[in-house]
Amino acid sequence: MQRRHFLMTSASALGAKAFAASKSPNDTVRIAVLGVNGRGQNHIEGYSRLKNVEVVSLVEPDLTVGRKVAGMMEGKTGRKVEVVQDLRRVLDDKTIDCISVATPNHWHALATVWGCQAGKDVYVEKPGSHNVLEGRKMIEAAQKYERVVQHGVQLRSSVALREAVEKLNAGVIGKVYMSRALIYRWRPSIGKHPVTEVPAELDYNIWQGPAREEAFSRRLVHYNWHYSWAHGNGEIGNQGVHETDMSLWGLGEQMPRHVGAMGGKFLWDDDKQTPEVLSSSFLFESGKYLEVAVRHWCTNEEHGVGVGNIFYGSEGYMTIHGYSKYATYLGQKREPGPTRDESGDHYANFVEVVRSRDKSLLHGPVETAHYSSAIAHLGNIAHRLGRRLEFDPKTEKFVGDAEADRMLTRDYRAPFVVPDKV
C-alpha cells in the first residue's frame, strides 16, 4: 500500500491538464469499467457508441462474470479486453485515463477517491456514496486532484428534463414549494440463503472491500446486496437516487434541515434488511418540502407516474416520467401545458468534459452525487432510529444527536478505508 500511495501522490501532481497535455482531442480515451455483472454492461455499451473511446479493461472480482462479458465484447468487436479482479491493478496503469464505477454501493466512494488520487477521471454510478461522509470526501478528492467526476444520474443529460428545470425556474407552474419523488418498482422477495463456500472464481476479499467481514452467501452476491445495510442502501438508495436527484435539481436545494421517515417490511420473511415500503420527508431551510415514497409490489401510479417526480407550484404542477419526459398541468382545471420527451447521452457528456477539462459542461458533477445520495442516507437513518431528526446543512451533522451522527459514516475494513484526508 506504500507503493500505491506514492503512485497516487505522483499522479496528483499532474493536475487538471494531465489528460489534455498528453493527448490530442482526437486521441483515444481509454476506460476501465469496474463491476460488469449488471449496470457495468450498460457502461460498456454506452462507451462503445462514442468515437475514439475504448473500454480496455474490466475489473470484476467474479472471473466467471468478467470472462463472460469479455467474451461478449470480443464477439462484437473482435478485440480482446483485459479482465482483472483487483481495481488497484488499473489504478496503477498509467495508460488508463478513466474508471467507470458500477460496483456495489459500498465500493463507490472509495473507488472514486482512489481513482482521483491515481490521476483518473471517474464516472460513478448512483448512489455516489454509501454514507454521508463519503460524499463529502468524494468532493474533496475531485477538487484536490483536479479530476472530472460524473455521477451516473443520466436524467441530468436529458434534453427534455434540462428544459423542465429551466421552465420550473422561469415559473411555468408558479412558485414551486414541494416535490414528490416516487419509486414504485417491482421488487419481489429475495428468499433466504444459507452461508456457503466462496466460489473458486470469486475474490471475495476484494468484493467485500470496505464492508465488514461477513461469511459468503447468495443473499449478498450478486444483486441482493442492495438490501443489506453493510453493502446497499435499500430502494431509496437504488432507483430512488435518480428521483431524489431530480427533486433537488428542480427545487434548487441541497441538504435538508429536518428529516422524518417511517416504513417497514410487510409481505415477506426474507433476507432483506432494508424496508420494502418507506415514506420519507425532508424540510429545507428555504421552506421547501420533499417527500420520497418507496413502494415495492402491486401498486398504482400517481398522475401517470410510477417512477419519477411531481413538482407542485402555486399555478400548477409538473410530472417527470422516468429519465426523459416532463409534462405540466396548469390551474384548477389542470389544463395541459408545456411537455417534452427527449433523452440525452450522459456518457458522451462525461467524455466531452474529460477531453475539454471544462467542468462547467459536466451535467452530473460530484456535488450532485453527494447531495442526492445524502437524501437517501438521511431518510434511512431516520427510519432506523425511529424518530424525527434535525440536521445542520452547514456542518453536515445532526443537531445534538451523537447516535445519529455515528450513522453518517462506517467502520472500514483495512486496507479499504475512505481516508479522513484525501
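List of remarks:
- Percent of Cα-Cα distances greater than 21 Å, calculated over region 261-417: 64
- Remark: the chain carries a charge dipole of roughly 400 debye about the Cα centre, counting +1 on each Lys and Arg Cβ and -1 on each Asp and Glu Cβ.
- Student exercise, region 195-350 dipole from Lys, Arg, Asp, Glu Cβ charges, in Debye to nearest 20: 440
- Candidates THR339, TYR204, LEU50 compared by Cα position along the dipole of the chain: farthest toward the positive end lies LEU50, with charges placed on Cβ.
- Mean-position separation - Cα centroids, region 254-279 and region 51-94, in angstrom: 36
- In the chain, taking the dipole from charged Cβ atoms about the Cα centre, the farthest positive-side position among LEU408, ILE183, ASN37 is held by ASN37.
- Estimated at 0.36 nm per residue, the fully extended path between ARG212 and ASP358 surpasses their Cα-Cα distance by 48.7 nm.
- Excluding same-chain neighbours fewer than eight residues apart, the aspartates and glutamates reachable from LYS76 by a Cα-Cα span under 14 Å are GLU45, GLU54.
- With the simple spin-label model, which puts each label point 7 Å out from Cα in the Cβ direction, the CYS298 to THR196 separation comes to 3.2 nm.
- Nearby lysines by direct alpha-carbon distance to LYS333 (threshold 27 angstrom, same-chain neighbours under 8 apart not counted): LYS167, LYS175, LYS288, LYS325
- Rh by Kirkwood over Cα pairs, then Stokes-Einstein D for region 169-270 at 1.567 mPa s and 4 °C, µm²/s: 77
- Order by protection proxy (mean Cβ within 10 Å, highest first), peptides 244-252, 223-231, 407-415: 244-252, 223-231, 407-415
- Subtracting the Cα-Cα distance of VAL417 and ASP269 from their residue separation scaled by 0.36 nm leaves 49.9 nm.
- Spin-label model, ARG89/GLN254: points 7 Å from Cα along the beta carbon direction are separated by 4.0 nm.
- Pairwise Cα inverse-distance average, inverted: Kirkwood Rh of the chain (Å): 22.0
- Most simply put, the chain has about 65% antiparallel DSSP beta bridges, counting only bridges with both residues inside it.
- Flagged links, alpha-carbon separation over 18 Å, of LYS144/LYS421; LYS137/LYS397; LYS137/LYS272: LYS137/LYS272
- Compared with the rule-of-thumb size 2.2 N^0.38 Å for a compact globular protein, region 219-281 has a Cα radius of gyration ratio of 1.27.
- Point-charge dipole on Cβ atoms (K/R +1, D/E -1) for region 321-422, about Cα centre, debye to 20: 140
- Percent of Cα-Cα distances greater than 17 Å, calculated over region 82-218: 72
- Highest average packing first - 293-303, 56-66, 314-324, 114-124, Cβ atoms within 10 Å: 114-124, 56-66, 314-324, 293-303
- Packing rank of 140-150, 125-135, where each peptide gets the mean count of other beta carbons within 10 Å, highest leading: 125-135, 140-150
Quick note: the coordinates plus some simple rules give every number you see, no bench work behind them. Source: prediction; values computed, not measured. Cβ sites come from the backbone with ideal geometry, for glycine too, and all protein chains shown count toward neighbours.
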